[in-house]
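Just below is one structure, and these are the notes that go with it.
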Amino acid sequence: MKAYLLDPAVARYVFEHTTPPDALLAALARETAEVAGENAAMQISPDQGAFLTMITQLLAPEVVVEVGTFTGYSSVCIARGLSGGRLHCFDVSEEWTSIARRYWQEAAVADRVTLTLGPAAETLAAFDQPIDLAFLDADKGNYPVYYELLMERLRPGGLLVADNTLRRGWVADPAHDEPTTVDIRQFNDLVMEDPRVTVIMLPVADGMALIRKN
């Protein structure tokens, strides 16, 4: 688990009282760690995966969008929660998403997933379906661009989940001016000032914002 924001003992307790990933997700996490090196940190944690499956089951969305697929852990979790809807994944990497494609097949969810490769600022602009649920976990500097494109398409009452919004807690320290932290801090302020939405920040893993379109 990514427990940057929790006391280690609390983090262990949470880990032990959260439904663990099955063998397929565990294998995907291991493979990602082996082939991606430091980039493996881009993969969501098991508790986030369980959360995404549950929120998808609760919302029963017809159209789900994921911006930033990487090797596929989050997309498998979302797709497993669908009950008739479809997941549209947007990413730029053929290399990483080739792993995702393989695990979609192994998880028997490939028929629920559509992958579009290319810069999401362009591919999302061409997406013309109303969105029920979105998961944003891509390059942080472009979060405001992706946010606006998603909000334009998110139906009233729809939910956008944004990852990494607490940046290991560094966003709360004005003196921490590392570029990605500054990007996330500005994004959080943008969302907070947006009259179209209601937002709650969850201290899960590296921070997850639940943003509901009013």
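Assorted remarks:
- Close pairs from the stretch 126-140: first touching a residue at least 40 places away in the same chain (Cβ under 8 Å), partner open to solvent by less than 20 Å² (accessible area, probe 1.4 Å) and of a type in the set (D, E, K, R), Cβ under 7 Å, at least 6 apart: PHE135/GLU66; LEU136/ASP163; ASP137/ASP163
- Residue, least open to solvent (accessible area, probe 1.4 Å), within the stretch 97-114, restricted to residues that are among the polar types (S, T, N, Q) and more than 19 Å from VAL35 (Cα to Cα): THR114
- Filter result for ASP139 (open to solvent by 50 Å² or more (accessible area, probe 1.4 Å) and either of a type in the set (Ser, Thr, Tyr) or more than 15 Å from the chain's Cα centre (by Cα) (or both)): no
- Scope the stretch 115-136; condition crowded, with 20+ Cβ neighbours inside 10 Å and among the β-branched types (Val, Ile, Thr); matching residues: ILE131
- If the condition is being in contact (Cβ under 8 Å) with a residue 24 or more places away in the chain and of a type in the set (A, V, I, L, M, F, W, C), then the stretch 1-26 contributes MET1, ALA3, LEU5, LEU6, VAL14, PHE15, LEU24, LEU25.
- GLU94 vs. criteria open to solvent by 10 Å² or more (accessible area, probe 1.4 Å) and farther than 26 Å from ALA33 by Cβ: no
- THR116 under 17 Å from the mean Cα position of the chain (by Cα) and of a type in the set (Val, Ile, Thr): yes
- Whichever residue in the stretch 151-209 is among the small types (Gly, Ala, Ser) and touching a Gly at 6+ places or on another chain (Cβ under 9 Å) and, among such residues, is most open to solvent (accessible area, probe 1.4 Å): GLY169
- Looking across the stretch 172-214, the residues that are acidic (Asp, Glu) and assigned to a loop (DSSP other than H, G, I, E, B) come down to ASP173, ASP177, GLU178, GLU193, ASP194, ASP206.
- Hits in the stretch 145-162 (condition: hydrophobic (A, V, I, L, M, F, W, C) and either in contact with a helix residue (DSSP H, G or I) (Cβ under 7 Å, 6 or more places away or on another chain) or under 11 Å from PHE135 (Cα atoms) (or both)): VAL145, LEU149, LEU150, LEU159, LEU160, VAL161, ALA162
- Long-range neighbours under 7 Å by Cβ, at least six apart or interchain, first residue under 15 Å from ALA79 (Cα atoms) and free of Cβ contacts under 8 Å to residues at least 40 places away in the same chain within the stretch 92-114, second open to solvent by 40 Å² or more (accessible area, probe 1.4 Å) and not in a strand (DSSP E or B): VAL109/ARG80
- CYS89 being open to solvent by less than 30 Å² (accessible area, probe 1.4 Å) and closer than 22 Å to VAL145 by Cβ: yes
- Reported count of residues in the stretch 1-26, each being of a type in the set (A, V, I, L, M, F, W, C), in a loop (DSSP other than H, G, I, E, B) and either open to solvent by 60 Å² or more (accessible area, probe 1.4 Å) or more than 29 Å from TYR103 (Cα to Cα) (or both), is 3.
- Leading residue by the ranking (surrounded by the fewest Cβ atoms within 10 Å (Cβ to Cβ)) among those in the stretch 35-70 that are of a type outside the set (A, V, I, L, M) and not in a helix (DSSP H, G or I): GLU62
- Residue list for the stretch 27-43, restricted to those being among the small types (Gly, Ala, Ser) and under 12 Å from GLY72 (Cα atoms): ALA27, ALA29, ALA40
The values are calculated or read from the model by the stated rules, or taken from the named source; none is laboratory data. Predicted model, so just to flag it, every value in this text is computed and none were measured. No Cβ is skipped: glycine too gets one built from the backbone with ideal geometry, and neighbour counts run over all protein chains shown. The protein model used for the area step is the full one, side chains on, heavy atoms only, and it has no ligands, DNA or RNA in it. Shrake-Rupley method; radii C 1.70, N 1.55, O 1.52, S 1.80 Å.
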